[in-house]
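What follows is a single structure, written as structure tokens, with notes after it.
The values are calculated or read from the model by the stated rules, or taken from the named source; none is laboratory data. What you see is a predicted model; the values in this text were computed from it and never measured. Cβ atoms come from the backbone with ideal geometry, glycine included; neighbour counts cover every protein chain shown.
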Amino acid sequence: MAKSTRYSRYINEVNPVKFMSYPDDKGKKISELNHYDYRDNLEAPHFMETNILGGGLGGVGIGASIRFTDPRIYYSGLYQTTPHKGLPNIRLYYQTRSFISLDPEHPDDIGVTMHSWMGEGKDAELHVIDKPTTQLIPAGVLAKPIYAVNIHGKPGMVQNTSDNPLEAVVWRETYPAGFKKSPEGKWVPPEVDPLPKGSGKWSRYINEIDVKNLPVYASHKGKAARVMFYDGSVNPEAPHCIDCHLIYGAGMGFGLGDTRKLPLLANGLTDECSSYEPLLPHRHPFYQTYSFSPANNDHLPDLGGTVEFSIGEGSDQETYTITKATTILIPRDTVHLPLYVKEVHQPFTILTVLDSPIWAGVWAV
């Protein structure tokens with residue numbers, strides 16, 4: 001770690017084992033890959049958590065027992081140190097769920113087929129998610145239960161970002177028509193077909209992303225795959241700009257002065273509003289987070305590699321070495337990057353969330 005402490009409070013190394021855990025369908029304990037909220041940093045702009053998809057063939061909001069072991073409990077019915085049932089719930093603020101591949105060979109396949117219910121009562125709809133997708137959940141909208149119906153490849157991950165640094169929910173012990181309660185207290189989904197993709201009242205909030213056609217740096221080929229991009233150009237209601245890379249090779253990074261990944265337009269300008277373009281150190285008038293997460297639960301909290309991350313400029317610049325699951329908060333108007341991947345022994349992800357629906361910043365040079 002850097003000797004100076006000017007920015008050290010923004011480098012939050014986390015141990016996902018101490019956060020939420022739940023059993024999969026075979027009874028194996030599943031822990032989060034990453035977690036970040038107000039308890040980790042008082043300036044945190046969001047609540048964020050990252051989980052492996054599927055958990056066997058488990059799900060959320062179907063009455064499975066979940067438990068939070070962190071003793072720093074605040075005023076939320078969701079956070080209890082004693083096991084309790086995970087039931088459908090709503091939030092009073094925006095939330096995004098990003099379903100992301102963890103397979104370098106198949107970045108366009110999340111490895112799991114998920115069924116996601118959205119809406120209540122007569123407005124409840126069943127949607128299928130089996131490709132990289134970001135689901136936007138408006139305030140007050142029920143978007144559970146959600147569960148895996150099959151695992152056909154390497155399971156990906158789901159990253160949740162809520163527009164509130166404290167995860168407070170309103171419970172709704174109501175289920176769509178056809179759900180039946182088992183003797184164990186879980187709710188069993190009905191055997192019904194999901195709506196065709198792109199149809200239904202809520203489909204405009206479920207945006208499948210063509211990750212294979214996202215622009216990438218030439219220097220990243222064979223070392224990283226761009227596995228998610230979501231912003232206001234994808235959905236005009238998007239509250240954030242989200243970008244994620246799956247890292248599986250060393251010797252690459254961001255802010256290193258790479259040749260631009262976006263082609264120039266006929267007028268000589270670049271359509272930067274269509275894609276995050278961090279080719280040089282820069283600053284934003286918005287908060288931003290960088291979350292470094294392992295790609296499996298086997299060796300938590302080991303990240304899977306070694307990353308050098310710089311924050312600040314001139315004599316105030318500090319460089320930190322990241323080797324564990326970590327979230328870095330970039331305050332407004334703070335220069336950040338370069339980021340350099342020195343070593344990789346297991347794949348991991350780098351996910352950024354900018355507190356703006358469109359990427360915008362000012363180069364630091």
If a residue must be within 28 Å of Leu92 (Cβ to Cβ) and crowded, with 23+ Cβ neighbours inside 10 Å, how many such residues does the range 110-128 contain? 5
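Within the group Lys186, Lys181, Lys154, which residue is under 28 Å from Ser101 (Cβ atoms), touching a residue at least 24 places away in the same chain (Cβ under 8 Å) and of a type in the set (Lys, Arg)? First the steps, then the outcome.
Working: Lys186 fails: under 28 Å from Ser101 (Cβ atoms); Lys181 fails: under 28 Å from Ser101 (Cβ atoms).
After ruling out the rest, the residue left standing is Lys154.
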Can you go through Pro183, Pro176, Pro165, Pro190 and tell me which one is within 23 Å of Glu32 (Cβ to Cβ) and modelled with pLDDT under 90? Pro165
Taking the range 2-22 as the search range and keeping residues that are in contact with a Leu (Cβ under 6 Å, 6 or more places away or on another chain) and closer than 28 Å to Leu337 by Cβ, which one is modelled with the highest pLDDT? Tyr10
Tell me the residue from Leu269, Leu262 that is farther than 23 Å from Thr319 by Cβ, hydrophobic (A, V, I, L, M, F, W, C), in contact with a Pro (Cβ under 9 Å, 6 or more places away or on another chain) and at pLDDT below 90, please. Leu262
If I ask for residues that are under 21 Å from Gly111 (Cα atoms), polar (S, T, N, Q) and exposed (fewer than 15 other Cβ atoms within 10 Å of the Cβ), which ones from the range 149-194 would you list? Asn150
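Looking only at the range 299-342, how many residues end up being outside any strand (DSSP E or B) and closer than 23 Å to Glu32 by Cα? Can you show your working first?
Going residue by residue through the range 299-342, those that are outside any strand (DSSP E or B) are 299-301, 312-317, 325, 331-335.
Within this subset, residues satisfying the condition of being closer than 23 Å to Glu32 by Cα are 299-301, 325.
Adding up the residues that qualify gives 4.
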Sole miss for Leu300 among (1) in contact with a helix residue (DSSP H, G or I) (Cβ under 6 Å, 6 or more places away or on another chain); (2) at pLDDT 95 or above; (3) over 19 Å from Cys241 (Cβ atoms) is condition (2)
Looking at the range 195-251, which of the residues that are of a type in the set (Val, Ile, Thr) and assigned to a strand (DSSP E or B) is surrounded by the fewest Cβ atoms within 10 Å (Cβ to Cβ)? Ile242
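Quick one: would you say Ser275 is under 22 Å from Pro104 (Cα atoms) and either in contact with a helix residue (DSSP H, G or I) (Cβ under 9 Å, 6 or more places away or on another chain) or modelled with pLDDT under 95 (or both)?
Working: under 22 Å from Pro104 (Cα atoms): yes; either in contact with a helix residue (DSSP H, G or I) (Cβ under 9 Å, 6 or more places away or on another chain) or modelled with pLDDT under 95 (or both): yes.
It is true that Ser275 is under 22 Å from Pro104 (Cα atoms) and either in contact with a helix residue (DSSP H, G or I) (Cβ under 9 Å, 6 or more places away or on another chain) or modelled with pLDDT under 95 (or both).
Answer yes or no as to whether Ile322 is under 23 Å from the mean Cα position of the chain (by Cα), within 14 Å of Pro278 (Cβ to Cβ) and buried (at least 18 other Cβ atoms within 10 Å of the Cβ).
Values: under 23 Å from the mean Cα position of the chain (by Cα): yes; within 14 Å of Pro278 (Cβ to Cβ): no; buried (at least 18 other Cβ atoms within 10 Å of the Cβ): yes.
So Ile322 fails the test.
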